[in-house]
Amino acid sequence: MSRDNVCELESHLWDEMETLQRAGLSPEEAFIIAKRRIGKVQELTTEFEKVHKSVFFRNKMIPYLKGMLVFLIFFKSTQVVSGIFWLFDDTLKIENNNIISVLIITVLAVALFTFFYRKHEQQRFHIHRWTRIPKLILMVIYLYAMQIMIILTLSHYPAEIDFSTIKIYIAHNEKELLATALFLILSLLLNYSAKKAKRMKVVS
Amino acid sequence: MDKLSKELVGASSIPIILSVLSEQESYGYEIIQKVKELSDGQITYADGTLYPVLHKLEKKKLIESYWKVSESGRKRKYYSISDTGKTVLDTKKQNWILMNQIITKL
């Protein structure tokens with residue numbers, strides 16, 4: 001339900017409680033009766049869904065969207081970490097770099113998983129805070145920027161900036177970049193529409 | 001008198017709500033109480049289910065809504081009838097008068 005719907009039902013609950021309290025009921029009794037009268041969550045949701053189909057569709061879409069963004073971040077992170085190892089390889093001339101990079105990516109993934117799991121165990125893991133759409137979008141953009149920086153560095157930046165490398169990168173990943181850009185725009189639009197629905201204009 | 005059928009209550013809900021709002025602006029809880037009072041307890045809308053009906057009327061632009069701070073200091077969502085709503089209400093009233101005439105003539 002939108003914020004507007006929830007506030008309206010809350011206001012109804014308060015009105016009902018006030019009437020019941022005037023009739024002599026205690027606040028606790030009034031709350032129990034008012035809550036029962038307003039109806040069960042499932043029934044209310046079904047009724048509201050009939051009228052606000054687009055809102056319900058959007059709300060169902062958002063978790064999937066967040067999941068896809070998180071997956072994209074994970075996918076890009078592995079590419080960026082691999083890129084960092086290519087940099088080491090390029091400068092330090094380390095051999096067997098592939099094995100080292102796979103090992104470090106695994107350690108990083110386990111460390112991240114442990115970090116979130118411990119937070120979850122301590123009940124300090126607020127998934128909504130970690131998966132806010134603007135935050136996730138910024139993270140994706142940041143990872144793409146990092147990947148481009150790595151490519152520039154690999155092409156001996158800053159001694160000689162070779163922008164043709166970027167052109168080649170774009171030409172090779174044209175479809176992926178276009179799909180990601182469209183996906184990010186869609187996420188932003190959905191987030192904007194969800195935020196807009198939360199705003200309430202109050203006249204005095 | 002027997003309790004009014006669910007179908008009749010459902011069919012009459014839109015003209016009744018529009019009539020209440022044509023008198024003055026109101027909010028969900030007040031509309032339920034007013035209809036209950038006017039019908040001597042014969043029509044009692046289920047608390048949570050009136051709001052989707054109001055939202056449907058708002059989508060059809062028959063009514064308008066706005067949040068207002070009441071005298072008690074609490075926010076309430078008020079509804080008022082629009083010009084389109086007034087026209088629709090007139091048509092609906094004519095229809096119900098016609099129905100009433102048919103039944104009473106027989």
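Just a few scattered comments:
- Classification of chain A by its C-alpha gyration tensor yields a prolate form. The axis ratio a/c (a ≥ b ≥ c) is 1.5 or more, and a/b outweighs b/c.
- Selection from A:LEU177, B:VAL53, B:GLN33 lying farthest towards where the dipole of the protein assembly as shown points positive, charges on Cβ: B:GLN33
- Separation between Cα centres of region B:90-106 and region A:106-136, rounded to whole Å: 65 Å
- When the charge dipole of chain A is built from unit charges on Cβ atoms (+1 for Lys and Arg, -1 for Asp and Glu) and taken about the Cα centre, the candidate among A:HIS52, A:LEU103, A:MET149 whose Cα reaches farthest toward its positive end is A:HIS52.
- This model, with +1 at the C-beta of Lys and Arg and -1 at the C-beta of Asp and Glu, gives the protein assembly as shown a dipole about its Cα centre of some 300 debye.
- Cleavage-rule hits (GluC sites (Glu not before Pro)) in region B:1-84: DSSP loop, at most 11 neighbouring Cβ within 10 angstrom: B:GLU71
- Net charge of Cβ neighbours under 12 Å - reference A:ASN173; Lys, Arg +1; Asp, Glu -1: +1
- Label point distance in nm, B:ALA46-A:LEU25, each placed 7 Å from Cα along Cα→Cβ: 1.8 nm
- Annotation note: trypsin sites (Lys or Arg not before Pro) in region A:103-146 located in DSSP loop regions with a Cβ neighbour count of at most 16 within 10 Å are A:ARG124, A:ARG132.
- Mean separation of Cα contacts under 8 Å, 6 or more apart, over the residue count of chain B: relative contact order %: 28 percent
- For region A:16-60, the square roots of the Cα gyration tensor eigenvalues, ordered a ≥ b ≥ c, give a/c of at least 1.5 with a/b greater than b/c, which places it in the prolate category.
- Sorting the segments A:30-38, A:186-194 by their residues' average number of neighbouring beta-carbon atoms within 10 angstrom, most packed first, yields A:30-38, A:186-194.
- Here is the list for region B:1-44: trypsin sites (Lys or Arg not before Pro) lying in DSSP coil, each with at most 14 other C-beta atoms within 10 angstrom of its C-beta, are B:LYS3.
- Model label points for A:ILE105 and B:ALA11, set 7 angstrom from Cα along the Cα-to-Cβ axis, are 6.8 nm apart.
- About its Cα centre, region A:1-85 has a charge dipole of approximately 600 debye under the convention of +1 per Lys or Arg Cβ and -1 per Asp or Glu Cβ, with nothing else charged.
- Computed helical MRE - 222 nm, chain A, DSSP H runs ≥ 4 contributing -39500 (n - 2.57), nearest 500: -28000 deg cm²/dmol
- Dimensions of chain B based on its C-alpha atoms, expressed as ranges along the principal axes with the largest first, amount to 53, 31, 21 Å.
- Rounded if a/c under 1.5, otherwise prolate or oblate - region A:4-121, Cα gyration tensor axes: prolate
- Taking 0.36 nm per residue of separation and subtracting the current Cα-Cα distance, fully stretching the chain between B:SER72 and B:GLN24 would add 15.4 nm.
- The dipole here belongs to chain B: it is taken about the Cα centre, uses +1 on the Cβ of Lys and Arg and -1 on the Cβ of Asp and Glu, and is about 300 debye.
Read-outs: derived from the displayed coordinates by stated rules, not from any lab. Given the structure is predicted, the values throughout are model-derived calculations rather than measurements. In this analysis, Cβ positions are derived from the backbone assuming ideal geometry, glycine residues included, and neighbour counts consider all displayed protein chains.
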